[in-house]
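Have a look at the structure below before the remarks.
Rule-based calculations on the coordinates, nothing more; no lab input. Treat the numbers as computed from the prediction; the structure is a model and nothing was measured. With ideal geometry, Cβ positions are generated from the backbone for all residues, glycine too; neighbour counts draw on all protein chains shown.
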Amino acid sequence: MTTADGTYQSGSTNPSVNPRKSGLGTAWVTLLLSAVVLVVLLFFILQNMNDIAVKFMNWTWTLPAGIALLLAAVAGGLVMSLLAGFRVLQLRRINKAFERAGYKYTAKHGR
């Protein structure tokens, strides 16, 4: 509801709820940036279509350079995600041990 002076007045009794902010704007920006990255990646792959030999241990493949680099980047991202997941599980286990011991962690975000 808008008041006479043009300010927005929420019908909610909870002052921490801001009805003007939603995740929809962030989702659209993320979608747009993802589309731009996808187009740039497509141009990169199409410009690097010359075949190269990829050797790993005793295996040898022949694929376009752009595809080989894309696969290497995806494999690196998966390895890093796996390591980050293990770290999250480790921190959760430590946090549960502290909670069982009676300690409570209160986060201070600087707000």
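What distance in nm lies between label points placed 7 Å from Cα along the C-beta direction at Lys96 and Lys55?
Computed distance between label sites Lys96 and Lys55 equals 4.7 nm.
Starting from the Cα gyration tensor of region 23-100, take the square roots of the eigenvalues, sort them a ≥ b ≥ c, and report rounded, prolate or oblate (rounded when a/c is under 1.5, otherwise prolate if a/b is larger than b/c, else oblate).
Working: a/c = 7.85, a/b = 1.44, b/c = 5.44.
Note, shape of region 23-100 comes out oblate.
Would you mind ranking Phe86, Phe44, Phe56 by Cβ crowding within 10 Å, fewest neighbours first? Mind showing how you got there, number by number?
On the way: Phe86 10, Phe44 13, Phe56 7.
By the 10 Å Cβ count, ascending, the order reads Phe56, Phe86, Phe44.
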